[in-house]
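S.K.: One structure, pasted below without further comment.
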Amino acid sequence: MKPFAYHQPDQIPDAAKLLTSIEDSKLVAGGMTLIPTLKQRLANPAALIDLSKLPGLKGISDGAAITIGAMTPHAEVAASKLVQAKIPALAALASMIGDPAVRSRGTIGGSVANNDPAADYPAGVLGLGATIVTSAREILADKFFLGLFETALQSGEIITAIRFPLPLKAGYAKFKAPASRYALVGVFVAKFADGVRVAVTGAGPGVFRVPPMEQALSQNFDPSAIAAIKIDTDGLTSDIHAEADYRAHLVTVMAKRAVDAALG
Ligand SMILES: Cc1cc2nc3c(=O)[nH]c(=O)nc-3n(C[C@H](O)[C@H](O)[C@H](O)COP(=O)(O)OP(=O)(O)OC[C@H]3O[C@@H](n4cnc5c(N)ncnc54)[C@H](O)[C@@H]3O)c2cc1C
């Protein structure tokens, strides 16, 4: 790891100012992704700006939607009685991330900002049509995830919270890579009064929706409605873990399981 400066601001505007004024500076939240990257010298920032002392970024609040502060660790979302009652699929998703150490340090804001193609939260955020609240604006999930580790966040922008609308029903199913527990394929399905959303993680370079499944499930919210829908392998990932055609097959299998989970 190369030397770097360390800042621990206690106000969001100060953190945003540091981020824009110091070239090659990086925010650090739980550090679960960033610190290993520094150790492997895949990133060599001039400064780290620690978000842990910023007020109002941690915790879960109720209302017409559930709002989760960016610095809320995965374990807190998994254990939240509120999330378990209102969006049980989201609590279940958080409980499936990594291992206990990762879940107690890693944060929802860090996961969404990082946009790893195999991460779980992007599927929940896109599947539920959530809103990403930043230090500067609000961004709809449909416009936030742009591709491999790429998001709509601009320089100096800090995620402060994610706001999740409440679905009528939702479910998440993931086929894990056994060592890391990242998603080889994960599918989040959410039913709202005006239709169904289906979001897939792990299968391609970024999270994506599956309109044919959304239409079929909007007509008939049952696993049988999507059993015959095959995903095109074009653009899906082939790597040491799985070929694209295997991932395509898993999307249908996991989507059916997610609907089953939503139906309880
Ligand atoms: C062994 C292991 C297994 C894992 N398994 C899984 C898994 O199964 N599923 C899964 O989804 N994830 C998994 N992860 C990743 C884990 O969920 C991380 O916690 C997450 O990717 C990053 O969150 P963090 O809070 O640690 O962010 P950090 O590592 O601190 O930051 C990650 C990136 O996000 C940026 N960032 C952080 N917070 C903000 C913010 N509020 N606003 C803007 N930018 C921000 C940072 O600058 C950095 O670029 C695993 C990680 C490890 C080490």
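The values are calculated or read from the model by the stated rules, or taken from the named source; none is laboratory data. Since this is a predicted model, take the numbers as computed values, not measurements. As a convention, Cβ positions derive from the backbone with ideal geometry for all residues, glycine included, and neighbour counts pool all protein chains shown. Protein only, heavy atoms only, side chains kept; ligands, DNA and RNA dropped before computing areas. Shrake-Rupley method; radii C 1.70, N 1.55, O 1.52, S 1.80 Å.
S.K.: With N denoting the number of residues in the chain, provide Rg(C-alpha) divided by 2.2 N^0.38 Å, to two decimal places.
M.R.: This ratio for the chain stands at 0.99.
S.K.: Give me the 1.4 Å probe accessible area per residue for region 1-50, excluding ligands and nucleic acids, in Å².
M.R.: 61
S.K.: Continuing with the same structure: Fully extended, how many nm does the chain gain between Ser180 and Ala193 (0.36 nm per residue separation, minus their Cα-Cα distance)?
M.R.: 1.1 nm
S.K.: Then there is this: Provide the packing ranking of 229-235, 128-134, 172-178, 118-124, i.e. peptides ordered by the mean count of other C-beta atoms within 10 Å per residue, highest first.
M.R.: Per-residue mean Cβ counts within 10 Å order the peptides as 118-124, 128-134, 172-178, 229-235.
S.K.: So what is the relative contact order of the chain, in percent, for Cα pairs below 8 Å that sit 6 or more residues apart?
M.R.: 16
S.K.: OK, next. How do 64-76, 181-193, 90-102 rank on mean C-beta neighbours within 10 Å, highest first?
M.R.: The peptides rank, most packed first, as 181-193, 64-76, 90-102.
S.K.: Ignoring everything but the protein chains, give the 1.4 Å probe accessible area of Arg257 in square angstrom, nearest 10.
M.R.: In the full protein context, Arg257 sits at about 130 Å².
S.K.: Tell me the mean residue ellipticity at 222 nm calculated for the chain from its helices only (DSSP H runs of n ≥ 4, each -39500 (n - 2.57), averaged over every residue, nearest 500).
M.R.: It comes out at -9000 deg cm²/dmol, rounded to the nearest 500.
S.K.: Percent of accessible area on region 169-263 owned by carbon and sulfur, 1.4 Å probe?
M.R.: 51
S.K.: Between Arg137 and Ala43, what length comes free when the chain is fully extended (0.36 nm per residue of separation minus the Cα-Cα distance, one decimal in nm)?
M.R.: Length gained, Arg137 through Ala43: 31.1 nm.
S.K.: Let's test the formula: R0 of 22 Å, r as the Cβ-Cβ distance of Asp10 and Gln154. What FRET efficiency results, to the nearest 0.05?
M.R.: It comes to 0.45.
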